[in-house]
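The values are calculated or read from the model by the stated rules, or taken from the named source; none is laboratory data. Remember, predicted model here, so these are calculated numbers, not experimental data. As a convention, Cβ positions derive from the backbone with ideal geometry for all residues, glycine included, and neighbour counts pool all protein chains shown. These area figures cover heavy atoms from the full protein model, side chains too; ligands, DNA and RNA do not enter into them. Shrake-Rupley method; radii C 1.70, N 1.55, O 1.52, S 1.80 Å.
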Amino acid sequence: MNRRALLIRAAGLAAIVGGAWWTRDHLLWPRPTLTFADGAGTPWLAYARRATVPTVRVGIGGREVVALIDSGAQYSVIDRALVAALPPAGRSLFDMPLVAYGVGGGSQVGRGTALDLTLPGLTIGGLRAAILDLGPLASEGGLRTPLILGQDVLGEAVLALDPGRRYARLIRREAFLRPADLAPATVRRSGGALTTEVTVEGSAVEAVIDTGASALLGLSREAAAAAGLLDGRPQESGLSLVLGGSIRSAIVEARTVTFADHLYRRVPVGVFDQPPLPRFPGGLVGMEAFAGRRAALDLGAGALFVSRPLDLTVG
């Protein structure tokens, strides 16, 4: 599968509940408790799925499931079918109304549940998650990730990524030591997310760092038009997995994109319809931006550290 086909496939542009943004301003959620077995962090955890987005195996209610680690989702999410399959002791429900929006504008209303999870070297207690229909994100024909670990978890630890080896690690913030080859990138904290300025053919766009998206860059239709990408150049059609289903979206090619002091050329960019929400990001920077690089995300401190990409010449 080539990069253009991969752009919006099984772990595509919207595979994070679409970079989900919630009506958080009206809700109060206690922080989960992260307890590391050695006081430092988990071991390096191999990706549990073949997709380019980070997925890990998690213990919940006496069973093992695969979770998507998603820096673009404001809250953690559990699929309704998984909640129904948990033993009664693992189904602590509360009637706090939730409204979730994803890329493409689709919405769902759901309830909440409190979860206790285990990963190798880590216990997560009191994690409040939204109960939603994740559709193909959770189904056997899709990504098969019925659990999404969002900014509520990532705000309590540093997420280290080694995409080339397909490994991820969660590290206690106080124990994190930045490797010498990782340099700070210019980011800021917006709510619980990390945002950065990318340039698209010289036009500046504010984008969320989104580990749940596979594409290097996705843009809202408004941002794509402002950057001059909807100028009549050729478009292709792609399929995005979004909250509860999938949508068709356009793919256009940007001649240049810059992110974290690196210039990318001829970048396929997915164009999505922006939900009717304030502060919804104009862009999503996904895992393709970290190809050939390693990274560490500290959402709690509002920091991102990235290695230089490998420059390989063949010929």
Give me the Å³ per residue figure for the convex hull around the C-alpha atoms of region 109-226. 183 Å³
Long-range amide H contacts for GLN274: which residues qualify at under 5 Å (H placed 1.01 Å from N, peptide plane, sequence gap of 5 or more or a different chain)? ARG221, GLU222
For SER71, other-chain or 5+-apart residues with amide H closer than 5 Å (H placed, Pro excluded) are THR211, GLY212
What are the ³J(HN,Hα) values, in whole Hz, obtained from phi via the Karplus relation 6.51 cos²θ - 1.76 cosθ + 1.60 with θ = phi - 60°, for each residue of region 174-190 in sequence order, with x given for Gly and Pro? 5, 9, 6, 10, 5, x, 4, 8, 9, 9, x, 9, 7, 9, 9, 8, 10
What residues qualify as long-range amide H neighbours of PHE259, i.e. H under 5 Å apart, gap of 5 or more or another chain, H built at 1.01 Å from N? TYR264
If you take the beta carbon distance between SER92 and SER139 as r and set R0 to 30 Å, what does 1/(1 + (r/R0)^6) give as a FRET efficiency, to the nearest 0.05? 0.75
1.4 Å probe accessible area per residue over region 105-169, in Å²: 32 Å²
Region 216-229 - phi-based ³J(HN,Hα) in whole Hz, Karplus 6.51/-1.76/1.60, Gly and Pro as x: 4, 8, x, 10, 5, 4, 5, 5, 5, 5, 5, 7, x, 7
Using θ = phi - 60° and the Karplus form 6.51 cos²θ - 1.76 cosθ + 1.60, what ³J(HN,Hα) does each residue of region 299-306 get, whole Hz, x for Gly and Pro? 5, x, 9, x, 9, 9, 10, 9
